[in-house]
1. List the pairs whose first member sits in region 262-277 and is touching a residue at least 24 places away in the same chain (Cβ under 8 Å) and of a type in the set (Gly, Ala, Ser), whose second member is open to solvent by less than 90 Å² (accessible area, probe 1.4 Å) and part of a helix (DSSP H, G or I), and whose Cβ atoms are under 8 Å apart, counting only residues at least 6 apart or on separate chains?
2. What are the pairs with Cβ atoms under 7 angstrom where one residue, in region 138-154, is among the basic types (Lys, Arg) and the other, located anywhere, is outside any helix (DSSP H, G or I)? Sequence gap at least six, or different chains.
3. Evaluate region 443-463: report whether one residue or more is within 33 Å of the chain's Cα centre (by Cα), under 30 Å from residue 577 (Cβ atoms) and free of Cβ contacts under 8 Å to residues at least 40 places away in the same chain.
4. When region 477-491 is examined, which residues are found to be open to solvent by 20 Å² or more (accessible area, probe 1.4 Å) and of a type in the set (D, E, K, R)?
5. Of the conditions (1) over 30 Å from residue 595 (Cα atoms); (2) surrounded by fewer than 18 Cβ atoms within 10 Å (Cβ to Cβ), residue 523 clears all except one; give me its number.
6. Being in a loop (DSSP other than H, G, I, E, B) and of a type in the set (D, E, K, R) is the filter here; which residues of region 512-558 pass it?
Amino acid sequence: MSTGATRQEGNALSEMDQDSKRGGAKKRGKRRTLSQKVTITSILHAGILGTAVLLIGMFLFMYSILYDSYDDTVNMAQSVSDVLQTTADVPGLVDAVLAQERSDPHFEERMEASNPAETEGQLLNYRWYTEEDPPLAKREDYQQVMDIILAFGKNNSQLNGTSLMVFDKKTHIASLLCDVEKFGGDEAVPAEDVLWRRFEDVELDHIEEERWSLLKNLVRYMRIDPRYVVFAWYEPFPYPDEDVVVFIEADAFYTRLWSNMISFLVLFFLLLLLAVIVMGLLYRRRMQKVIVKPIRAVAEAAKNYAADRRSGKRDKAYFSSLELHTGDEYESLAETMAEMEKEIEVFEEDLTRITTERERLKAELNVAAQIQQDMLPQKFPPFPDRHEFEVFASMTPAKEVGGDFFDLFLIDEDHLALVMADVSGKGIPAALFMVISMTLIKNRALMGGSPAEILADVNKQLCNGNKTKSSMFVTVWLAIVTLSTGEVAEGNAGHENPLLLQQNGEDDRHFIESKTHHDFVLGGLKKATYHAHNFVMRPGDRLFIYTDGVPEAANESGERYGMERVNKLLNQHTAEDPKAVLAAAREDVDRFAGAADQFDDLTMMLFVYRGKESQSENERE
């Protein structure tokens with residue numbers, strides 16, 4: 001080959017190399033342009049996704065807030081109704097309302113003078129006839145209902161107004177009484193007058209429709225004032241006359257609901273905008289930097305770390321030795337992994353320490369459970385020299401410590417007190433409340449008095465010291481047995497009815513429910529009143545007392561044990577001693593529950609009355 005030909009070939013190769021470099025520069029330029037396009041596309045996609053998330057989140061947030069507010073209003077009205085049914089004579093007050101509007105021949109004329117026959121708008125837009133200084137307000141049952149409604153108004157910040165409404169279909173006259181209003185403020189104020197007006201039957205249909213419609217309930221008040229979210233609920237109150245409809249009306253104002261929603265939307269939008277901007281910047285930086293090398297280095301370090309950990313080697317740094325200076329997530333990832341490497345070592349040390357601490361706490365809980373068990377009567381028979389009765393009781397907590405308790409003690413030589421109680425909640429808080437309740441009941445009972453007096457005094461003491469937001473309460477069944485006569489005086493503060501077996505002949509021995517007057521729970525309402533119920537036990541009669549953990553025990557399918565099974569088991573063991581009966585009951589409940597966890601405390605007591613003659617016979621022996 002000649003020298004000229006060689007020179008020409010070299011020049012050609014040089015030109016090709018320069019063209020390759022220029023092509024590479026063009027490609028790099030295209031990559032930067034593509035990076036920009038990817039960034040813009042990512043921002044657009046993120047914006048579309050963010051908008052969808054914003055709309056969905058707004059809808060879910062609004063629905064959740066509105067539904068919870070509506071549900072709270074319903075629950076408040078139902079709670080007021082439940083308390084009034086057990087503690088106040090509402091039917092008697094309704095009778096007085098009907099007597100006033102039906103017996104006064106000029107009543108409708110006075111009412112019509114200020115109540116137009118036709119008024120457009122929703123239910124609360126109707127004009128009412130105001131009766132000032134009404135005779136109804138001087139009644140004791142009126143004041144009792146007013147006090148209960150006022151207590152609810154003071155204890156519920158969202159509750160704006162509560163009242164008792166009576167619709168008489170015979171006269172088509174509606175009355176509103178015992179009204180407690182906040183008028184959009186913070187303090188509940190009882191109204192001093194009674195309101196009356198005419199109504200049409202279709203209005204009751206409107207009430208029934210709006211009661212079950214969240215949207216209608218919401219729109220009704222927003223038409224009046226869209227600045228507020230107001231929910232009203234009309235809870236039917238039982239009354240024997242079908243021509244009379246009684247409601248407990250409760251309405252709640254949620255004045256900050258719209259502002260909270262707007263704040264949520266603004267914050268969500270700003271966070272979404274920030275996320276879109278950050279995402280675009282991150283994609284741009286990632287497209288301009290080397291990706292494979294940093295991630296491969298981290299992956300290799302992770303692989304070596306996992307392999308050495310499996311083999312037991314711990315004398316080498318893996319992620320902290322990486323030298324990544326990319327300035328992006330990969331460097332952050334390497335640093336985070338290095339921190340994680342150190343934190344795992346600390347975690348293992350902490351795990352050992354926490355395990356030791358957990359064992360210590362478990363031991364302390366076991367001691368607490370033993371202390372709680374020791375507070376309950378453990379020795380049976382509790383009074384070996386007394387033969388007028390037999391008794392046995394047991395309590396199995398659902399957790400290490402429980403809230404159920406029972407007690408039995410002699411008030412004097414002729415009176416025996418039986419106590420069965422169930423504290424709300426479970427665990428340590430319930431156990432502490434149980435200790436207080438048990439101590440107060442016993443100390444007060446030893447001072448003498450009827451079960452109603454004892455429960456009333458204990459309720460006041462519990463209410464005085466029960467002022468936290470998570471106020472607790474206790475259901476109590478208390479009986480005082482006169483051992484010489486078999487007379488039983490019992491009081492029931494929201495507890496389950498006991499089961500009684502009475503001697504009605506050898507062929508008719510079965511347990512029946514001893515239905516008593518259920519008063520309000522202890523610790524829930526300071527002004528609650530309590531009643532006593534008396535019955536007589538004859539020699540051989542039995543009394544089974546329990547907490548709701550027995551019938552409500554559930555198996556793996558969610559089926560409850562139920563009172564039918566309780567009665568069936570007891571009636572199969574009507575002649576056995578109390579200890580054997582309770583052992584059979586516990587065994588049957590465990591067999592029914594199977595592998596399901598125990599949900600509630602199981603507490604039972606069986607009392608058998610033997611009579612004074614049994615005591616005398618044993619003394620002669």
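The values are calculated or read from the model by the stated rules, or taken from the named source; none is laboratory data. All values derive from a computational prediction rather than experimental measurement. No Cβ is skipped: glycine too gets one built from the backbone with ideal geometry, and neighbour counts run over all protein chains shown. Ligands, DNA and RNA are excluded from the accessible area calculation, which covers all protein heavy atoms including side chains. Shrake-Rupley method; radii C 1.70, N 1.55, O 1.52, S 1.80 Å.
1. Pairs found: 275/46; 275/50.
2. Listed by first residue and then by second, the contacts come to 154/188.
3. Here is the first cut: in region 443-463, the residues within 33 Å of the chain's Cα centre (by Cα) are 443-445, 451-463.
Narrowing the set further to residues that are under 30 Å from residue 577 (Cβ atoms) leaves 445, 451, 454.
Filter again for free of Cβ contacts under 8 Å to residues at least 40 places away in the same chain, leaving 445, 454.
Checked region 443-463: at least one residue is within 33 Å of the chain's Cα centre (by Cα), under 30 Å from residue 577 (Cβ atoms) and free of Cβ contacts under 8 Å to residues at least 40 places away in the same chain.
4. 487, the sole residue that qualifies.
5. For residue 523, the failing item is (2).
6. Here is the first cut: in region 512-558, the ones in a loop (DSSP other than H, G, I, E, B) are 514-518, 520-521, 523-532, 537-541, 547-553, 555-558.
Of everything in region 512-558, those that are in a loop (DSSP other than H, G, I, E, B) and of a type in the set (D, E, K, R) turn out to be 515, 526, 527, 538, 541, 548, 552, 556.
One line per residue, one yes/no per condition, for (1) in a strand (DSSP E or B); (2) acidic (Asp, Glu):
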{"site": "380", "(1), (2)": "no, no"}
{"site": "385", "(1), (2)": "no, yes"}
{"site": "394", "(1), (2)": "yes, no"}
{"site": "398", "(1), (2)": "no, no"}
{"site": "409", "(1), (2)": "yes, no"}
{"site": "420", "(1), (2)": "yes, no"}
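Residue-by-condition table, conditions (1) among the β-branched types (Val, Ile, Thr); (2) more than 29 Å from the chain's Cα centre (by Cα); (3) under 26 Å from residue 397 (Cβ atoms); (4) surrounded by 18 or more Cβ atoms within 10 Å (Cβ to Cβ):
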{"site": "493", "(1), (2), (3), (4)": "no, no, yes, yes"}
{"site": "510", "(1), (2), (3), (4)": "no, yes, no, no"}
{"site": "527", "(1), (2), (3), (4)": "no, no, no, no"}
{"site": "539", "(1), (2), (3), (4)": "no, yes, no, no"}
